[in-house]
1. Going by amide H atoms built from the backbone, whose H comes under 5 Å of the H on VAL138, apart from near neighbours?
2. Can you tell me the relative contact order of segment 235-355? Whole percent, Cα pairs under 8 Å, sequence separation 6 or more.
3. So what is the 222 nm mean residue ellipticity for the chain from helices alone, if each DSSP H run of at least 4 adds -39500 (n - 2.57) and you divide by all residues, rounding to the nearest 500 deg cm²/dmol?
4. Measuring from centroid to centroid over Cα atoms, what is the spacing of segment 112-187 and segment 350-409 in Å?
5. Can you tell me which of 410-420, 429-439 comes out highest on packing, and rank the rest after it, using the mean Cβ neighbours within 10 Å?
6. If you bin every alpha carbon distance in segment 151-219 into 5 Å steps from zero, what whole percent lands in each bin?
7. Ranked by Cβ crowding within 10 angstrom, fewest neighbours first, how are LEU207, LEU329 ordered?
8. Could you let me know the centre-to-centre spacing of segment 260-316 and segment 601-662, using Cα atoms, in angstrom?
Amino acid sequence: MISVILIANRGEIACRIIESCRRLGISTVAVYSDVDVGARHVALADTAVSIRSVQAVYLGHAPATDSYLNVEAIIEAARQTGADAIHPGYGFLAENADFARACAEAGLIFIGPFPEAIAAMGNKRAARELVAAAGVPVVPGYDGVEQADEHFHTAAAEIGYPVMVKAAAGGGGKGMRLVAGPDELDEALASARREAQQAFGSAELLLEKALVRPRHIEVQVFGDQHGRVIHLGERECSIQRRHQKVIEEAPAPNLSKALRQKLGETAVLAAQAINYTNAGTVEFLLDAANNFYFLEMNTRLQVEHPVTELVTGLDLVAWQIQVAEGAPLPLTQAEVNLSGHAIEARLYAENPANDFLPVTGQVALWQPPAGEGVRVDHGLQSGDEVSIYYDPLLAKLIVHGPDRQTAVRRLRRALNQTALLGLITNVPFLRQVAGHPAFLDGELHTGFLADHFPHWQPPNGDKMLPLLAAAVHRLTSAPQIATNEGYWRNNPNAPQTYPFRIGKEEIGVGIVPVSSNQYSVFSSQWRKDLTGFEQASLADLSGMGNLSGLTVDGVRRGLTAVFHNNALWVDCCGITTVVEYIPRLPAPAPAAGAAGSLRAPMPGSVLEVLVEVGQTVSKGQPLLKLEAMKMEHTIRTAAEGVVTAVYYAAGETVAADAELVQIDPISSQIGTKI
């Protein structure tokens, strides 16, 4: 029996594993990097070990290669703490066959499949061949050992565009590029190789025919060490960006009973082909004619496993542990019962209005939702810093109901109750996705977001309530400050006016105390003065407090707010508004950057510089590659010009908004002809 488990992961999945271990009476050990020293998973574990402290040689700080991917350090941490098993979670080392072997060689139980199964499915090229031989349909493609660009060009022409470039050793959307035509293939191959090498330690690629508007359906499988494999139903994972899932649900909507059965049977067939044990997921693409094709098999627990847990009533982490101990599966296929409908929404630190680029910063206020049928898996705490070093996934909001309609209603309500303030996240975006008519009808496919939200921008709500909250907060938190006009007053009822900014708009607000807890508020932006504005449940917002509601003219409006970085972040009626406080005596504005300068959209590391000083560049030309939060981003020029300065080299770290490259217009480089 396993008595102590070291969790070789972080964040919400580490916290999730700890919960199951507690129910089973198993002690847990957490590991952490420098930036995670105060993380929630560290506080929850019975024992926590700094990965730095158990290294024989100091390798670095926060980067995953120096911490959560450091096999020797993790094995040594298990030895020091008396762990007899290691759970890898997902990501990092979860699908690393060498790590699973290292655990076995150290006398540790690896809570996952055997190394041979990981290796068999870890390489997509080999996996395609293996499952095809077992009778599983695969997408037409090229999975040859020849990796030269010319071979890919020849294969792509034979397959027919569009094609998908994929990392042979990867998963999770890393190292994937959609290529519409031959002109795009070279750059897609180069960037996919870099990203695959960075994420999986292998630059090997393959090609697959890109299906038009397919659905992404996956099946949860489980195998034990006694030769039995079953499935626990399918999940719909079609709502994606960057080939990574955003919303998942179980069961998949609008599938016939016969198709569900066939998907489950085929998934079991694929798992049996490699004598699979423990938790795994077989993923398929489903076309408009309901033909399905093997996509890949993930030999680990999936991010979206909670929706399967809610419709089956099972604890999949507990099953993983029991199977790793050698126990048979608790149920037969006939005993698996699915009940109701579950939906999961992933909460990311990213900006959907800026091509879903990752965002860093501080979580000023985290207030998860609650209620019947609502579950939240997270590793968050108010005050946490979101760094550049790890995936931007922050939390998962999961709902369950007796049917899909009820589950969707609970999802929408839970998203509106969620307060994740202090930095840009995808929460406002998820709220709109969950309310879209096509989502309500279950009309899902992998192009859903691109079709329905091609140029999404945050919704603009009523500015009045956030401004009222900001005015009351500013008056009550600092009623007399040296920079205020009228610092000393004879007449306490004279208006106090404050300037605020929402987006690019500056708005002046006047506020006069009328009586205890009541104020008269006015602004030139409004048609009439507002009177009878009553403060309700106003907490101290100077720190990590929050505002639960305001009453205006007798009508109470619920909201959540936190003061952070000289602004009041207000979440109200499903819309987040940032009210910036403008000082009375503002500091001089910094000098504007050069017109042709290109700045980093987020903090990260420079992977490759593609231009040099003196080079002429055209509009849209790639200038450099930037890596942030495990994803590669290409920085391109917005106009034609000449490179006059390059400020960073490959391997260097850049801050957000750092100037990367200076480009001058060609006209400035040409002398006037006489």
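Read-outs: derived from the displayed coordinates by stated rules, not from any lab. A quick note: this is a predicted structure, and the numbers were derived from the prediction, not measured. Every residue, glycine as well, gets a Cβ built from its backbone with ideal geometry; the counts of neighbours run over all protein chains shown.
1. For VAL138, the qualifying residues are PHE294.
2. On the way: 125 pairs, mean separation 32.4, N = 121.
Taking the mean separation of contacting Cα pairs over the length of segment 235-355, I get 27 percent.
3. Numbers: 16 runs with 162 residues, N = 674.
Taking each H run of at least 4 residues, the total per residue is -7000 deg cm²/dmol.
4. 32
5. Per-residue mean Cβ counts within 10 Å order the peptides as 410-420, 429-439.
6. Calculated P(r), rounded to whole percents: 4, 19, 28, 23, 18, 8, 1, 0.
7. Values: LEU207 24, LEU329 20.
Placing the least packed residue first, the sequence is LEU329, LEU207.
8. 40
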